[in-house]
Structures are given as C-alpha cells and as structure tokens.
Amino acid sequence: MKKLLIAVILVLSTGTLSHSQPRLEATAPEFDFGYTPQNVKLVHHFWFKSVGTDTLLINEIKTGCACAVMPLERDWLAPGDSMKVGIYWNVKRSLGKIERSPRVFTNAGPDPVRLHLKGTVIHYPDSARPVSPKPFNFLLARSPRKDIDSLNFTLTNHSSQNLAVSLASAAPEEVELVLPDSVRALASSTGYVKLKPEFADSEFQTSITLLMSDQGHTHITIPIGRKFYGVEEK
C-alpha cells in the first residue's frame, strides 16, 4: 500500500511538472501616438508580465525597420514578475498614417506576442486639432553661450468645448513635467518641462503623449530631447 501511494505521488508530481508552461502577457499591447511631427524619435514603454507557471525567456523582439528596443533589464521573468520594455520609433520623413507591429518571441512557443504602434505624422504641427502645442518639440540644449534646462509651453484649444488634458504615456524619468489639468474652449493653458539635475550631462531623446477628453480621445505626442551644441559630452 505504501509503495502504491508513493507511485501515485510520483505520477502526480510528474504530471504537474510536465504541465508547467511559460506564458507572456503584454499589458495594453496597442498604443496610439496620435499626431506627431516629422524627423523625431517616439518612445513608448510596454509592460511585460509572466503569467505562466514556468520561467519566461525573451528570445528576441523583432520591431521592423526604424524601430529599436531599449536595453532590457533582463531577458527572463519568473512567474508573476513584470518588466517595463521601451521601444524607440524614428519616424524620419514619414507623413500621414504610420503603423508598426513588433513581435516578441519567447520560450512559450513558436507564435510571438504581437504589439501594435500607430500614429499620424503631420507636416504642420500647428494643424493638430482639437489642441495644438507650442513648441511642438521640447529641446533642452547646452551650448557654450547658453544652457536651456527648462521651457514653458502652451496648449491651445481650437474647439468650442473645455477639454481635460492628461498623460497617455509614462512620464519620462529625465524631466519634471507640469501639465495643465484642462484647456478652456478657444483659449490656451501653459505648462513647463524642466531637466532633472542628474541628467544635465547626458544627451537623450524621449517623448510624451497627451490625451484630450474630446469625443475622439485625441492623442498628441511631443518629442523631448537633450542636445549638446559645440561642447563635449561629459
């Protein structure tokens, strides 16, 4: 009887192990950058979560041309763990509707997890509606003559209704960002972006995506960069 009980336990244990499977879940796998200017780098972070019963290995992320994956914290996730994964998208001289579908290959099987990025590149940033930002590119520069470590910006509401403003993307770690809560109809509101001291000696490119409370839930993406002119990077 004792031998039979041990055999049953071994069979059950073996069966449990054989059904241990890794599985990846991408939280909010689709993202819309909305309106964006030409010749900029867009940045978005996805959250990857290991929802299987075995360690998940990230073998490869294929993004297609003009996109690049930011360095991963690690290429594995224990069951229940999560990790933020960033993707750069250089839209270059594209114009109009743009789309990319990065694919994430893991040890969960041959079929990748698909992500989706899209946006609308506009030639004249002032034409963004219902709200247009000014400037449309937040450049924090260093030069021998002057450092620009902060700047004010304006959001102009061209519609006949008051609109709430919020962030649709993660706030960049390199800057402090203050957004107006809303923009009144046919009026403007101001905000500011300020470089954090710990990033003063680094060049970087990132972006923020704003969400408007209009009926179409319009997104507008604004590039944020740190650039050195005529000085050596420390």
Within segment 66-109, restricting attention to residues that are part of a strand (DSSP E or B) and among the charged types (D, E, K, R), which residue is nearest to LYS49 (Cα to Cα)?
LYS84
Can you name every residue in segment 85-111 that is loosely packed, with under 12 Cβ neighbours inside 10 Å and either under 16 Å from the mean Cα position of the chain (by Cα) or within 17 Å of PRO29 (Cα to Cα) (or both)?
GLU99, ASP111
In segment 145-166, which residue that is closer than 16 Å to LYS194 by Cβ and among the hydrophobic types (A, V, I, L, M, F, W, C) is farthest from the chain's Cα centre (by Cα)?
ILE148
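Yes/no matrix, rows are residues, columns are (1) touching a residue at least 24 places away in the same chain (Cβ under 8 Å); (2) closer than 23 Å to MET212 by Cβ:
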| position | (1), (2) |
| --- | --- |
| PHE33 | yes, yes |
| LEU42 | yes, yes |
| LEU57 | yes, no |
| ARG93 | yes, no |
| ALA108 | yes, no |
| LEU117 | yes, yes |
| SER127 | no, yes |
For segment 63-79, how many residues meet the condition of being surrounded by fewer than 17 Cβ atoms within 10 Å (Cβ to Cβ) and either among the β-branched types (Val, Ile, Thr) or within 20 Å of GLN38 (Cβ to Cβ) (or both)?
5
Give the residue, chosen from SER160, SER82, SER132, that is crowded, with 17+ Cβ neighbours inside 10 Å, modelled with pLDDT of 95 or more and of a type in the set (S, T, N, Q).
SER132
Single condition VAL175 does not satisfy, out of (1) buried (at least 16 other Cβ atoms within 10 Å of the Cβ); (2) touching a helix residue (DSSP H, G or I) at 6+ places or on another chain (Cβ under 9 Å); (3) farther than 30 Å from TRP76 by Cα; (4) not charged (D, E, K, R):
(3)
Identify, from the list PHE138, PHE153, the residue that is among the hydrophobic types (A, V, I, L, M, F, W, C), within 17 Å of THR36 (Cα to Cα), in contact with a Leu (Cβ under 9 Å, 6 or more places away or on another chain) and outside the structural domain of HIS45 (by TED's automatic domain parsing).
PHE138
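Each row is one residue, and each column tells you yes or no for (1) more than 23 Å from LYS227 (Cα to Cα); (2) in contact with an Asp or Glu (Cβ under 9 Å, 6 or more places away or on another chain).
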residue	(1), (2)
TRP89	no, no
LYS92	no, no
LEU95	yes, no
SER101	yes, no
HIS116	yes, yes
LEU140	no, yes
Conditions (1) in a loop (DSSP other than H, G, I, E, B); (2) among the polar types (S, T, N, Q); (3) at pLDDT 95 or above -> ASN59 fails only (1)
So, in segment 156-187, exactly how many residues are part of a strand (DSSP E or B) and either over 22 Å from PHE33 (Cα atoms) or among the acidic types (Asp, Glu) (or both)?
1
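The values are calculated or read from the model by the stated rules, or taken from the named source; none is laboratory data. Note that the coordinates shown come from a computational prediction; the quantities given were computed from them, not determined experimentally. Neighbour counts are summed over all protein chains in view; Cβ atoms, including those assigned to glycine, are modelled from backbone coordinates with ideal geometry.
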